[in-house]
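What follows is calculated from the coordinates using simple rules that are stated; it is not laboratory data. What you are looking at is a predicted structure, and each value in this text was computed from that prediction instead of being measured. Virtual Cβ from ideal backbone geometry, glycine too; neighbours counted across all protein chains shown.
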Amino acid sequence: MAMPPAKPREGSAFADDVRQSAEDAGISALANWLDSCFRALAKAAGAQEITVPALIARSTLESAGYFESFPGPLVGETADGHCLSPATCYHWYAQQKGAVIEESASWTGCALCGRKEVESGPGRLETFRMREVILAGSETWVREQRQEWMARIVAFAESLLLAPTLVPASDPFFERGEARGRKLLQQLKQLKYELRVPLYTPETTLAISSFNLHENFFARRFNLHRVDGTWASTGCIAFGLERWALALSAKLGIDQARRLAGLEST
Amino acid sequence: MRDKPAELLAYINGELLSGKGVQAASDTRLFEDGWIDSLSILKLIAFIERMTGQEIPDEQVVMENFQSVNQIAHRFGLA
C-alpha cells in the first residue's frame, strides 16, 4: 500500500523553505510599494524620471574614481567589461557626461545594484534595488534640497512607525592614501547622512537611506558645468528598497506591513 | 621664533594652499570653500601630529575641531 506523502511538520526544512519563499515574496511586494512611494515623492518634488540600463560599463566606474575608494570585486561582471552598478547615480553620471546643467534640477531612477559588502548581516545583500534622487546645480540649491529631503523622509519613516534616526556617516572607503582623506573630508564636512532604524532590537540599527553631497567631485570627473562655466555641484538621496521593506516587516510583521501598504496578506 | 599657531598657518599657506591663489588667515574657514582637498587634509593632520607628538584619532576629525587655524590650535593645545 502506498504511503501518503508525509505532511511537512512545523519547523521542518520544507516548512522553513515555504515560509522563507512567502516572506521573500512579501518583502519583494513591499519593496515595490515603497519604491512607488519614493517615486511619487520625487515626482512631486519636480524630479525628472530616468531609465537606466541593466549593467554599467566598468570604464564609467573608473571615470568616477570608484576603484580608488572601493577596490573590491564587482558583481555580475561580464567578459566585455560591464557589471551591476554599485549605485543608481553612476548611470546618471554616464548619461550626463559633458552636459551643461542649465538650471538646478533633480532626476530620479531605480536600478538593480550589486556590491560585495565587507560586512555581513541582515539587509546587507549582494544584489538589491536602489531608487535614487539625483540633485545637480548650484551648491546652495543642492544643499538646501538635501535638507528638504532629509525632513521629508524622516517624516515618511515616522509615518510608518520606523523610529528613524538621522546620523552623520561616511562611506566604508578603503582606508589608505587619498581615499582615507576623502573619508575624513566626508566626515568633517558632513557630506553624508544616513537614516537608520532599529532592526529587531533597539541596539541594532540598519541604514535604509542616505543623503549625500558630492560637491564637485563627480562633476569634475564627468565634465558637468553650470551655465556660468563653473563646475556643477551634485548630490543624491538613496533608498535601499529591500532594506526599507525588511525594516518595515521587522517592525510590524509581514502581514501588517503588507496591509499598511494596501497589499493582500501572505 | 614663530609661535605654534603661526607655524601652522605658515605651513597651510606655504604647503597646502601653494599655487591655489588664496591665503588663509587664522580665522579663515578652511573647509567651506574647498581649499583643503583629500590629500591636503592628510598632510594637515600629519603636520599637527608632528607638532603635538600625538596621534589624532579619526573620530576627532570634525568641523568643531578643524574649522580654522584658531580652532585647531585651541583644540590640540597649540595656542
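Can you give the translational diffusion coefficient of the stretch A:194-266 in µm²/s, computed by Stokes-Einstein from the Kirkwood radius over Cα pairs at 4 °C and 1.567 mPa s?
Value of D from the Cα-based Kirkwood radius: 87 µm²/s.
How large is log10 of I(q)/I(0) for the stretch B:31-79 at q = 0.31 Å⁻¹ when the intensity is taken from the Debye formula with one equal scatterer per alpha-carbon?
-1.48
Assigning unit charges at the beta carbon (Lys, Arg +1; Asp, Glu -1) and nothing else, what dipole magnitude in debye, to the nearest 20, does the protein assembly as shown show about its Cα centre?
Dipole about the Cα centre, nearest 20: 160 debye.
With chain A treated as a Gaussian network of Cα nodes joined by springs under 10 Å, which of A:133, A:197, A:154 yields the largest mean-square fluctuation?
Answer for the Gaussian network model of chain A: A:154.
Would you calculate the separation in nanometres between label points at residue A:256 and residue A:78, each defined as 7 Å from the Cα along the Cα-to-beta-carbon direction?
4.5
Which of A:101, A:50, A:237 ends up with the largest GNM mean-square fluctuation for chain A, with Cα atoms connected below 10 Å?
Per the Cα network of chain A with a 10 Å cutoff, A:50 tops the list.
In debye, nearest 20: dipole of the stretch A:106-253 around its Cα centre with unit charges on the Cβ of K, R (+) and D, E (-)? Mind showing how you got there, number by number?
Details: 20 positive and 16 negative charges, 49 e Å.
In total the dipole reaches around 240 debye.
Run a plain Debye calculation on the stretch A:138-234 (Cα atoms as equal point scatterers, no solvent) and give log10 I(q)/I(0) at q = 0.13 Å⁻¹, rounded to two decimals, same order as the q list.
These q points yield log10 I(q)/I(0) values of -0.56.
Which aspartates and glutamates have a Cα less than 18 Å from the Cα of residue B:4, not counting those fewer than 8 places away in the same chain?
The qualifying aspartates and glutamates are B:15, B:27, B:49, B:55.
Among rounded, prolate and oblate, which fits the stretch A:90-192 when a ≥ b ≥ c are the square roots of the eigenvalues of its C-alpha gyration tensor, a/c under 1.5 means rounded, and a/b larger than b/c means prolate? Provide the component values of the computation, followed by the final result.
On the way: a/c = 1.30, a/b = 1.10, b/c = 1.19.
Rounded, since a/c falls under 1.5.
Could you list B:11, A:90, A:200 in order of exposure, starting from the residue whose Cβ has the fewest other Cβ atoms within 10 Å?
On the way: B:11 18, A:90 23, A:200 12.
Exposure proxy ranking, most exposed first: A:200, B:11, A:90.
If contacts are Cα pairs under 8 angstrom and at least 6 residues apart, what is the relative contact order of chain B in percent?
Contact order relative to length: 40 percent.
How many percent of Cα pairs in the protein assembly as shown exceed 29 Å?
Counting every Cα pair in the protein assembly as shown, those more than 29 Å apart make up 48 percent.
Taking θ = phi - 60°, what integer Hz values does the Karplus form 6.51 cos²θ - 1.76 cosθ + 1.60 yield along the stretch B:37-49, in sequence order, with x for Gly and Pro?
Running phi through 6.51 cos²θ - 1.76 cosθ + 1.60 with θ = phi - 60° gives 9, 5, 7, 5, 5, 5, 5, 4, 4, 4, 5, 5, 4 Hz.
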